[in-house]
Structure formats: C-alpha cells, structure tokens
Amino acid sequence: MDDSKMVGGKVKKPGKRGRKPAKIDLKAKLERSRQSARECRARKKLRYQYLEELVSSKERAICALREELEMYKQWCSAMDQGKIPSEIKALLTGDDQKTSQSTSTKTPKNGKYNSSSISQSKSA
C-alpha cells in the first residue's frame, strides 16, 4: 500500500498543504505589489482626511459649547447681583405660556420634571 490515509472518507496524501507554487513572473508580482501599495496609500489618505474633518467638527462643537458656558456664567453672575437677564425673562415668559398647556396634563418623555414645570403644576 502507499502512504495515504483515510480521514473522514477522504484520502489524505502526505506532503505540503495548499496549492503548489506556480512559477510567477517576477515583473507581474512586483507590479501587483506596487499597485497594492498605491491602493493602501490612497486608503490611508482618505482615512486621514476623514479624521481631520472629524477633529475640526469636534473643535467647532467645543468652541460653541464654551461660548454657551460663558453665556451661562454671565447669566449666573448677573442673577447673583439681583439682575435677571433679558434672555432668561424671554425664556420664562415664552415657555410659561407654552408649557402650562402641555405639562399640566402630561408627564415629560424622560419622566423627569424641570423646576418650572413643577412650580407651574403647583400653582395650577
């Protein structure tokens, strides 16, 4: 008999697994390698462009949030001095009329009440 073995109904012959290496033209192999490198560099460039855009959008968001925080700090310092900023007055007067109708019968979606809706429900 020869050296073949029966494994799972298939005849296994000893030796190396996989395809036998064919004689590949060296120039074609180099060209494929170069093409692969070009594609890799293009993907890398796109990835870096995407990341740069992402970073710049996050930086813009951070700047906007810092401006908003500064505005709230100014409002707090004004209220500490006993002054009510006109923006807050506008928010309160505009929201009171809208929220008194909607929050008097409904609970908020998140299940939490803000201070203005609690005070309105007590006064109603």
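The values are calculated or read from the model by the stated rules, or taken from the named source; none is laboratory data. In this text, all values refer to a predicted model and were calculated from it rather than measured experimentally. What goes into the accessible areas is simple: the full protein's heavy atoms, side chains included, and nothing from ligands, DNA or RNA. Shrake-Rupley method; radii C 1.70, N 1.55, O 1.52, S 1.80 Å.
Numbers below:
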quantity: Evaluation of ASP96 against (1) open to solvent by 90 Å² or more (accessible area, probe 1.4 Å); (2) at pLDDT below 85 (one fails), failing number; calculated: (1)
quantity: Test: ASP80 is modelled with pLDDT under 85 and more than 17 Å from the chain's Cα centre (by Cα); calculated: no
